[in-house]
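Reviewing the structure listed below.
The values are calculated or read from the model by the stated rules, or taken from the named source; none is laboratory data. Values in this document were obtained by computation on a predicted structure and should not be read as measured data. Here the Cβ positions follow ideal geometry from the backbone for every residue, glycine too, while neighbour counts run over all protein chains shown. Surface areas here come from the heavy atoms of the whole protein model, side chains and all, with no ligands, DNA or RNA. Shrake-Rupley method; radii C 1.70, N 1.55, O 1.52, S 1.80 Å.
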Amino acid sequence: MGQDQTKQQIEKGLQLYQSNQTEKALQVWMKVLEKSSDLVGRFRVLGCLVTAHSEMGRYKEMLKFAVVQIDTARELEDADFLLESYLNLARSNEKLCEFHKTISYCKTCLGLPGTRAGAQLGGQVSLSMGNAFLGLSVFQKALESFEKALRYAHNNDDAMLECRVCCSLGSFYAQVKDYEKALFFPCKAAELVNDYGKGWSLKYRAMSQYHMAVAYRLLGHLGSAMECCEESMKIALQHGDRPLQALCLLCFADIHRSRGDLELSQLKLHCLSEGIYRSKGLQRELRAHVVRFHECVEETELYCGLCGESIGERNSRLQALPCSHIFHLRCLQNNGTRSCPNCRRSSMKPGFV
């Protein structure tokens, strides 16, 4: 595969990826990696694979492609490519919570001489380093790194980088319990998305909404927290962003806990108690918990809208639609419709939970 064909295939993969056909995009890029002899093209496609696996939460695969990209950059003997590949290696370790390694690779990036991309990527290196310091609870160094990244963003008119830094600052101030600033920075990120983000991935909107939800909950504004978290989860489901889905689920749980919603924990309690009393043959107690379990299911509407069976009682694979209605995966596969069986308004582009 020559240079021109490699470039065309990379572009084809990007178009598939942007239209949420992620698996097809990965297949195209993997074929380029297998067949192309163009080192620059291979380097670029490895960058695409690193980003895609990062957004899908496949961090070990992300690290694997980052390591291959380092080797490719060394073959190219180009300082700019080497800087980019070390940054991807730092990000991969950041996602895997290998924060000391992240900081080490970031320092390697900052120590590379004579790179034309230094001004462009320097802010991203500082952001990754700040996230690593935050993960280690080294708050002063984390703040210094975030402020440095913010200066890079302002000096280079990089609104996308500024948006990412603002989200990280929201997380920083939430951890140090300055909740007003924890809300201010993700709100600023949301403004940037509204002003400049038409050509950005929706993940930036989802990211800002999630951090706003966390801050609103900490401030006790639970209605606003729920709205922001629902918006973030909707986008995460549409784009198959499993890490963000997990964060949103935790945020939902925290919101319900803050509200004093104990129904979900009661449901689990009755389910476990039923198993205990059934094994001991205590029929009266068993009957009481079975009745209460089904009352909880009705109260919280935790049942599949197609088969009517409760959700969460058994380890069945579930599927959530963008409208937030949840069904058993097997029921949706057997149903054959192209819209939500409950509300009929949503497309059947699901996310797995």
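Over what distance in Å are the Cα centres of region 96-170 and region 1-78 separated?
Each part reduced to its Cα centre gives a spacing of 24 Å.
Report THR51's accessible area, 1.4 Å probe, all protein chains in place, as a number in Å² to the nearest 10.
60 Å²
With the cut-off at 18 Å, tell me which of the pairs LYS24/LYS198; LYS64/LYS148; LYS177/LYS203; LYS12/LYS203; LYS203/LYS234; LYS60/LYS101 have Cα atoms farther apart than that.
Result: LYS24/LYS198; LYS64/LYS148; LYS177/LYS203; LYS12/LYS203 exceed 18 Å.
Ignoring ligands and nucleic acids, what accessible area does ILE103 show with a 1.4 Å probe (Å², nearest 10)?
We get 20 Å² for ILE103.
Roughly how many nanometres apart are two label points built 7 Å out from the Cα toward the Cβ at THR51 and LEU219?
The modelled label-to-label distance comes out at 3.3 nm.
Could you work out how much longer the chain between ALA246 and HIS154 gets when fully extended? Use 0.36 nm per residue separation minus the Cα distance between them, nm to one decimal.
Length gained between ALA246 and HIS154: 29.9 nm.
Stretch ARG257-GLN283 to full length: gain in nm at 0.36 nm per residue minus the Cα-Cα span? Intermediate results must be reported in sequence, preceding the final value.
On the way: separation 26, 0.36 × 26 = 9.36 nm, distance 3.24 nm.
Between ARG257 and GLN283, full extension yields an extra 6.1 nm.
Efficiency by 1/(1 + (r/R0)^6): what FRET value for GLU34 and GLN3, r their Cβ-Cβ distance, R0 = 22 Å, to the nearest 0.05?
FRET efficiency, GLU34 to GLN3: 0.85.
Put LEU63, LEU87 in order of accessible area, largest first, 1.4 Å probe: what do you get?
LEU63, LEU87
What nm value, rounded to one decimal, do you get for the distance between ASP178 and GLN27 when each label is placed 7 Å out toward the C-beta?
Once both label points are built, they end up 5.0 nm from each other.
When only the heavy atoms of the protein chains count and the probe is 1.4 Å, how do HIS211, HIS256, HIS100 rank by accessible area, highest first?
Details: HIS211 35, HIS256 60, HIS100 135 Å².
Final ranking, largest accessible area leading: HIS100, HIS256, HIS211.
From largest accessible area down, sort LYS7, LYS198, LYS12; use a 1.4 Å probe on the protein chains.
LYS198, LYS7, LYS12
Per 0.36 nm of contour for each residue apart, how much would the distance between LEU110 and LEU306 grow if the chain were fully extended, relative to their Cα-Cα spacing? Could you put the intermediate results ahead of the total?
Values: separation 196, 0.36 × 196 = 70.56 nm, distance 5.57 nm.
Separation in residues times 0.36 nm, less the Cα-Cα distance, equals 65.0 nm.
Which FRET efficiency value, to the nearest 0.05, do you get for ARG330 and GLU191 by plugging their Cβ-Cβ distance into 1/(1 + (r/R0)^6) with R0 = 41 Å? All intermediate terms of the calculation are to be shown ahead of the outcome.
Details: r = 43 Å, r/R0 = 1.05.
Efficiency computed from Cβ-Cβ geometry: 0.45.
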